[in-house]
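Structure first, then comments.
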Amino acid sequence: MFDTSRPSLFCISSYEKGQPFLREAARLGANVSLLTTDKLRDADWPKDILKAFHTMPPELTPEQVVNTVTYLARSRRIDRIVALDEFDVENAALLREHMRLPGLGQTISRKFRDKLAMRSEARLKGIAVPEFTGVFHYDDLRAFMHGVQGPWLLKPRMNASAIGIKPIEREAELWPVLDELGDLQSHYVLEQFVSGEVFHVEGVTWNGKVVCSIPNQYGRPPMETMHEGGVFTTRNLALDSADGIGLVEIHERLIEGFGLPSGVTHSEFIKASADGRFYFLETAARVGGAYIADMVEFATGVNPWVEWARIEVALARGEEYTLAAPRRDFAGSIISLAKQDVPDLSGYTDPEIALRLHKPHHAGIIVTSRSEQRVRELVESYGRRFLTDFCAVVPPPDKPTS
């Protein structure tokens, strides 16, 4: 039963994720409800702590989602709506606008979903971005490709990570791709490919101020591992390193400039090989995927899922939120699709191993140490071993699948 004296959080997720958020919000005394897809009805959700659990068909229109949630709201109060996954951000924003609830509305949420909107906004704030153009007027596309050296990337404006990205080597390659996209082509952005190392920053924001920025560096760029196969790796950086200082500065300018009131963010930047500058790639008002939250927690004691739950409950209650000072240890993550149904990780025995991933057809390890150099050595060594021991390659998806 719902206790009407407690704040009620209504969570939406099209993927199996966010369990730490759900558990922490319930631990803090909130009424927590979850709406997910029919396919995930029997996924590993903490149903014992949920006040309500609902599923819906995966292809509902935004209007149908509004009808579903407002029907459920007839019998219970909803104080805040939380989109646990990237692909639920628009529906959550629409629901907040429709129900006049606090949180990200459609205008600000667009900056954290639409790659054209976020690039345009970052440029307005004086943040370096790769050269780009919207896919509208064909003469503008021709002028862009004549004036900006290729190769280029044709990116879906609303997809996450590297899903649906199409490399374009020569101008002549673009037009057949646009013909195939038809009416969907305006939902893409054309961007100059920038070669370099890719970084990400996991952030926590409260009352418009970034209160925590944790800089990290990927091994191979995620776009390469998705399109070419390989092992996904990432590790956190020292806050007082040159890259750490630079990333924290640009991340704070970005998030505060975008006007995020409170929440968590996952932002990506590339350090260009040509000039050594950081360029903004994308940001999202969510927790980073691929077990990044677990890696961050082992390094700093800060779990973005848990902090996000604390923020949402504090906002619902009208209370203050404070974040304990993060530790300054180091951690790294090594994850790969595996040829084996249940990969055998018994040959990996270093004492720095903090977590072994248990997921069919996935091999994964998180390592942690007080030494940044030791974490880097293990991440690089394990990454090479994973290629031989486990790595499987599947074609990248053109669209997200739950």
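Quick notes on this structure:
- Square roots of five times the Cα gyration tensor eigenvalues for the chain, Å: 31, 28, 22
- Over the range 336-393, the pair-distance histogram of Cα-Cα distances with 10 Å bins from zero comes to 24, 55, 20, 2 percent, rounded to whole numbers.
- Dipole of the chain computed with +1 at Lys/Arg Cβ and -1 at Asp/Glu Cβ about the Cα centre; of HIS200, GLY347, SER5, farthest Cα towards the positive end is SER5.
- If only the Cβ of Lys and Arg carry +1 and only the Cβ of Asp and Glu carry -1, the dipole of the range 304-350 around its Cα centre is close to 100 debye.
- For the range 19-96, the Kirkwood estimate of the hydrodynamic radius, built from every pair of different alpha carbons, is 13.2 Å.
- Against the empirical 2.2 N^0.38 Å (N residues), the range 74-142 has a Cα radius of gyration ratio of 1.47.
- Where GluC sites (Glu not before Pro) fall in DSSP loop in the range 1-86, at most 15 other Cβ within 10 Å: GLU59
- Fully extended contour minus Cα-Cα distance, from GLU173 to ARG77, at 0.36 nm per residue: 29.3 nm
- Surface accessible to a 1.4 Å probe, TRP152 within the full protein complex, Å²: 10
- Loop-located GluC sites (Glu not before Pro) across the range 248-332 with a Cβ neighbour count of 12 or fewer within 10 Å are GLU319, GLU320, with loop assigned by DSSP.
- Taking LYS125, LYS17, LYS155 and ordering them by how much accessible surface each has at a 1.4 Å probe, largest first, produces LYS125, LYS17, LYS155.
- Anisotropy class of the range 294-338 from Cα gyration tensor, a/c 1.5 cut: oblate
- Taking only protein heavy atoms and a 1.4 Å probe, the accessible area of the chain is 50% carbon and sulfur.
- Normalised by residue count, the range 129-260 yields a Cα convex hull volume of 131 Å³ per residue.
- Per residue, the range 256-329 exposes 38 Å² of solvent-accessible protein surface, assessed with a 1.4 angstrom probe and all protein chains in place.
- Overall, the range 40-131 carries a charge dipole of about 460 debye about its Cα centre when +1 sits on the Cβ of Lys and Arg and -1 on the Cβ of Asp and Glu, all other atoms neutral.
- The label point for TYR138 and the one for ALA274, both projected 7 Å from the Cα toward the Cβ, are 2.8 nm apart.
- Value of relative contact order over the chain, rounded to a whole percent, pairs C-alpha under 8 Å and six or more apart: 15
The values are calculated or read from the model by the stated rules, or taken from the named source; none is laboratory data. Here the structure is a predicted model, which means the values were calculated and not measured. Quick reminder, even Gly has a Cβ in these numbers, built from the backbone with ideal geometry, and neighbours come from all protein chains shown. Heavy atoms of the whole protein, side chains included, go into the accessibility calculation; ligands, DNA and RNA do not. Shrake-Rupley method; radii C 1.70, N 1.55, O 1.52, S 1.80 Å.
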